[in-house]
Amino acid sequence: MKLPRLYTIQSRFLVGMTIAAILIGTLFAIGFYFQMRSVLENEVREKAELIFNQVESVQNYVRIVLRPRMYSEMPDKFVIEAMSSSFISRSVMQRTGQRDGQMLYRRVSDNARNSEFQANATELGLIAYFREHPQAEVWQGHMAIDNRDHFVMARPVRYEKSCLYCHGDPEKAPAELVAQYGLRGFGREEDSIGGLDFVGLPVSPQMAKVKGRVATYLIFFSISSVLFFLATQLIFKRTVSDNIRYLTRLLRTNVKDAEGQALLREVQRRDELGAMIEGVEQLGNHIAENRQKLEGYAADLEGKVNRRTHELARESAERTADVDLFVRLLHIFNRCQTRPELWRHALPLIVERFDLSRAAYVCTFASNNSFVWPPQSGTPELPDDYVQLLTQSQTRIAGSTAFIPVESSQGNTEGLLRLDKKPGDVFRSEEQEILRAIGRQLGIAAEYLGALDGLLRHSEMLQSIFEGISDPLLLVDAQGSVIITNNAARQLCLELSGGSSSDGNLMPLLFVGNDQDVAEISQIAVGGVVATRQVKLASGRTFVIGLHPLANHRLVVHVSEVTHQYRMLEQVARSEKMATVGKLAAGLAHEINNPLGVILCYTELLRKNAPMNEQREDLDIILRHTRQAREVLRNLLNFARPKLAAEGQTDLSAAVQSLLKVFGLQAEKKKARLRLQTHASVPMVGIEPQVVEHIVSNLLLNALDALPPSDGEIAVTIAHSPDNGEVVLKIMDNGTGIDPQDLPHLFDPFFTTKAPGKGAGLGLTVIYGFMQDMGGRIDATNRNEGGACFELHFPIRARQGEKSQICMKP
């Protein structure tokens with residue numbers, strides 16, 4: 001900050017403020033010091049009075065309560081620890097002083113029995129003071145004790161009548177007291193002053209704190225004063241000095257002659273308010289003289305003003321016309337889609353604004369196309385050096401003709417605009433800037449339309465590519481909201497939603513849609529790392545979803561269905577497993593079947609010859625379990641051995657209706673309902689009826705076992721799918737359903753979810769084998785409303801190359 005000069009108003013003002021601040025700060029510091037000292041003395045005095053009150057309370061208790069009680073209990077004894085008020089008060093206050101660490105208490109006398117409590121010179125002086133002033137009850141003041149300043153309060157000790165028993169006549173005093181202390185301390189008279197209570201409290205630390213606070217206040221006051229002076233200087237400078245300088249600068253601007261400049265220097269040199277006023281008065285006089293001179297020139301100005309007013313009106317009308325032209329051109333820019341359309345609408349406006357005979361535009365670089373208004377005006381001619389005009393961005397006016405480069409920026413030229421005035425009229429030089437501005441605006445508009453046209457073509461090409469991709473594609477934001485989808489995505493959305501939605505929004509259909517999924521999508525969009533995930537729907541369809549992040553926190557979601565691939569892999573793995581298990585089962589069945597036949601034969605012989613019923617019951621158990629083992633072996637052989645070929649066609653609807661009647665009784669026992677829904681015309685399937693009965697019977701038995709105790713229902717539907725050339729049979733129940741962990745192993749050999757002894761785990765395996773051999777398939781899923789669903793696809797015709805149909809082994 002620039003310091004003001006010493007003779008200025010600002011300097012004098014700051015000096016006065018500094019002196020006033022020093023005086024005020026000193027007075028406040030002195031007053032603050034004495035105030036704090038007074039508060040400290042009051043606190044110390046109150047503490048000393050509190051100590052004296054405590055001592056007096058102890059002594060009164062000894063005199064009034066304790067000592068009379070001791071005399072009554074022990075009239076011939078004197079216990080100094082319980083009867084001497086001086087001893088007890090000293091002991092109590094000595095402990096208090098030890099705990100406090102800052103209090104000094106003494107109870108002394110001029111002829112003390114114990115030399116430790118003999119008064120020193122200072123205390124003897126206080127005793128003498130109380131004897132000279134018997135009406136004084138207390139003395140207080142400051143003393144230096146151990147080189148430390150103490151606040152001291154003392155009061156006289158007057159001997160009462162009860163005190164003379166120990167301090168009066170030694171012959172009447174307790175013998176123990178005389179034996180311990182001798183004859184010292186006796187000979188006191190009633191109401192005489194023989195000692196004093198002395199309390200001293202150190203005040204040096206507190207006074208140091210007071211001085212420190214005063215010093216802190218002075219430092220804070222000094223800093224505040226400095227800041228106040230700085231703020232005051234700034235305010236004074238802005239409100240006073242700057243205004244004076246502004247006035248001086250204004251006078252310097254308006255006063256140009258030598259006399260005025262001399263007065264101005266005088267004002268600047270003196271720079272004080274009184275001198276400034278005087279200088280301004282002198283300047284005012286000088287201005288008044290100049291005014292008189294100017295009045296003489298005023299008469300000649302009227303004609304000039306009228307001419308200038310006419311010129312300004314004309315310029316104002318032209319500027320208004322220019323603004324209207326630019327507004328109309330802007331409207332055209334927003335409405336046009338191509339460059340030819342731009343020039344067909346813009347040229348008539350330019351002709352109208354400048355009252356031209358012709359306006360023409362020539363595209364000199366791109367296509368050499370030209371646009372002329374009026375249309376019948378003919379092809380425009382360009383100057384020989386038009387290339388120089390375009391490359392150097394020059395606007396040329398030659399009489400009634402003007403050439404304006406049309407460019408969006410310098411060096412980025414679109415073409416050349418030629419304007420021709422009507423005969424007898426020419427372009428003015430001041431119109432050159434507005435013509436250049438028109439050329440620049442037209443160039444920007446032409447470049448914008450060219451870019452827009454390219455962008456539209458590029459967008460259409462990308463849209464056709466996007467729509468032509470066979471896999472579903474979605475563009476989503478970081479929150480998973482869909483922005484755009486292709487045709488494949490809309491078709492898949494229509495399939496998965498059951499026809500209820502065709503907008504292509506697959507996100508709620510392939511994602512759970514909870515906060516975890518949204519957070520994962522947002523993390524992938526922000527992180528910029530490609531991610532894939534696999535989704536398997538309740539219908540059994542499987543999709544691989546690729547999430548490809550873009551630069552603007554958006555994602556391209558690529559959906560690819562892999563249901564067929566996964567089913568093929570599962571079928572290959574299951575076929576290999578079943579082939580291996582089949583070979584193992586066939587070998588085991590042949591090895592075990594013969595011993596079981598021998599066991600069964602000899603057991604029946606033993607049963608016929610068994611003399612006792614108990615033995616027959618035991619043999620019946622052996623027979624039952626042996627036959628059960630042979631049944632398991634028979635299933636193994638049916639599973640393992642090749643199926644016999646036979647010609648056959650089966651009406652699936654009739655076969656299922658017949659089986660439902662057979663199982664109707666079992667359903668009634670379980671309080672369940674059997675319901676069949678079939679199309680009017682279902683074609684025959686190429687399979688033996690025994691195979692159909694075996695498949696449907698096993699599935700119905702499993703469904704009955706899974707039904708609840710009451711209100712159970714089994715629904716069977718048969719539908720014809722002409723597009724796939726198959727008949728679809730669905731068996732659905734409302735039971736407990738299938739554990740998701742068991743679904744992959746449901747068709748494995750010997751896999752069962754029933755209790756031990758109720759199933760060998762081969763029923764679904766045999767059914768799976770039948771369906772595979774005929775070229776069909778079987779799928780097991782859980783229903784959304786509860787229960788399981790088995791879906792069987794029977795081909796209407798056997799696979800090509802197969803001349804036989806599948807039949808049951810008799």
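The values are calculated or read from the model by the stated rules, or taken from the named source; none is laboratory data. Everything numeric in this text was worked out from a predicted model, so none of it was measured. Cβ coordinates were reconstructed from backbone atoms using ideal geometry, including for glycine residues, and neighbour counts include every protein chain displayed.
Taking the stretch 78-126 as the range and being in contact with a Ser or Thr (Cβ under 8 Å, 6 or more places away or on another chain) and at pLDDT 75 or above as the test, the residues that pass are TYR105, ARG107, GLN118, ALA119. Name the residues in the stretch 679-692 that are in contact with a helix residue (DSSP H, G or I) (Cβ under 6 Å, 6 or more places away or on another chain) and more than 15 Å from THR717 (Cβ to Cβ), would you? Of everything in the stretch 679-692, those that are in contact with a helix residue (DSSP H, G or I) (Cβ under 6 Å, 6 or more places away or on another chain) and more than 15 Å from THR717 (Cβ to Cβ) turn out to be VAL685, PRO689, VAL691, VAL692. When the criteria are applied in full, ILE235 meets the requirement of being modelled with pLDDT of 75 or more and part of a helix (DSSP H, G or I). Any residue at all in the stretch 461-477 that is polar (S, T, N, Q), surrounded by fewer than 16 Cβ atoms within 10 Å (Cβ to Cβ), closer than 30 Å to LEU342 by Cα and free of Cβ contacts under 8 Å to residues at least 40 places away in the same chain? Within the stretch 461-477 (the criterion being polar (S, T, N, Q), surrounded by fewer than 16 Cβ atoms within 10 Å (Cβ to Cβ), closer than 30 Å to LEU342 by Cα and free of Cβ contacts under 8 Å to residues at least 40 places away in the same chain), the answer is yes, since at least one residue qualifies. Of all residues being farther than 16 Å from PHE87 by Cβ and among the aromatic types (Phe, Trp, Tyr) in the stretch 132-185, which is modelled with the lowest pLDDT? Just the residue, please. My answer is PHE151. Hey, any hits in the stretch 505-517 for a residue that's outside the structural domain of GLU791 (by TED's automatic domain parsing) and more than 30 Å from GLU785 (Cα to Cα)? Within the stretch 505-517, none of the residues are outside the structural domain of GLU791 (by TED's automatic domain parsing) and more than 30 Å from GLU785 (Cα to Cα).
Residues in the stretch 383-402 that are touching a Phe, Trp or Tyr at 6+ places or on another chain (Cβ under 7 Å) and among the hydrophobic types (A, V, I, L, M, F, W, C): LEU389, ILE397, ALA402. The single residue among ARG37, ARG67 that is at pLDDT below 75, touching a helix residue (DSSP H, G or I) at 6+ places or on another chain (Cβ under 7 Å) and over 24 Å from PRO202 (Cβ atoms) turns out to be ARG67.
The set of residues in the stretch 663-678 being touching a helix residue (DSSP H, G or I) at 6+ places or on another chain (Cβ under 8 Å) and surrounded by fewer than 18 Cβ atoms within 10 Å (Cβ to Cβ) consists of GLN666, LYS670, ARG673, LEU676. Is it fair to say GLU561 is surrounded by 14 or more Cβ atoms within 10 Å (Cβ to Cβ), modelled with pLDDT of 70 or more and of a type in the set (D, E, K, R)? Yes. If you go through the stretch 694-712 one residue at a time, do you hit one that is under 21 Å from ILE778 (Cβ atoms), among the small types (Gly, Ala, Ser) and not in a helix (DSSP H, G or I)? Checked against the condition, which is being under 21 Å from ILE778 (Cβ atoms), among the small types (Gly, Ala, Ser) and not in a helix (DSSP H, G or I), the stretch 694-712 yields no hits at all. With respect to the stated conditions, SER241 is modelled with pLDDT under 70 and within 55 Å of the chain's Cα centre (by Cα). Within the option set ARG396, ARG418, being crowded, with 20+ Cβ neighbours inside 10 Å, more than 60 Å from the chain's Cα centre (by Cα) and within 15 Å of VAL362 (Cβ to Cβ) holds for one residue only, ARG418.
Do the conditions hold for ARG67, that is, is it under 60 Å from the mean Cα position of the chain (by Cα) and not polar (S, T, N, Q)? No, not satisfied.
Taking GLU447, is it within 20 Å of VAL323 (Cβ to Cβ) and assigned to a helix (DSSP H, G or I)? So GLU447 fails the test. PRO380 passes every criterion in (1) at pLDDT below 80; (2) touching a strand residue (DSSP E or B) at 6+ places or on another chain (Cβ under 7 Å); (3) within 17 Å of GLN441 (Cβ to Cβ) apart from (3). Annotation note: Cβ proximity below 6 Å between a residue of the stretch 499-524 that is modelled with pLDDT of 75 or more and a residue that is charged (D, E, K, R) and not in a loop (DSSP other than H, G, I, E, B) (sequence gap 6+ or interchain) occurs for SER502/ARG490; GLY504/ARG490.
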